[in-house]
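Undergrad: Encoded as structure tokens, here's the structure I'll be asking about.
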Amino acid sequence: MTISPSRRSFILASAVLAELQGAADRALKFGLLRQRLEVARAIDTGFPLDPARAPA
């Protein structure tokens, strides 16, 4: 069974897109985890999340 060049390109593009979507999902999850850690740290230390609003 042979695969036409256009079909091969489509399969490759689909695989690349799936990999990019997976990377985006991992980046989003990492960002949300980092945000939760920042919130927990702020609650623990009593400081606001925005360093510009932190007491001097």
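The values are calculated or read from the model by the stated rules, or taken from the named source; none is laboratory data. From a predicted model like this one, the values you see are computed outputs, not experimental measurements. All Cβ positions, glycine included, derive from the backbone under ideal geometry; neighbour counts span all protein chains shown.
Undergrad: Take I43 and decide whether it is surrounded by 10 or more Cβ atoms within 10 Å (Cβ to Cβ), modelled with pLDDT under 90, not in a helix (DSSP H, G or I) and not acidic (D, E).
TA: Criteria not met by I43.
Undergrad: Provide a single number: the residues in region 1-51 that are in contact with an Asp or Glu (Cβ under 7 Å, 6 or more places away or on another chain) and charged (D, E, K, R).
TA: Of the residues in that region, 0 qualify.
Undergrad: So which residues in region 1-17 are surrounded by 10 or more Cβ atoms within 10 Å (Cβ to Cβ) and not hydroxyl-bearing (S, T, Y)?
TA: I3, R7, R8, F10, I11, L12, A13, A15, V16, L17 - these are the residues of region 1-17 that are surrounded by 10 or more Cβ atoms within 10 Å (Cβ to Cβ) and not hydroxyl-bearing (S, T, Y).
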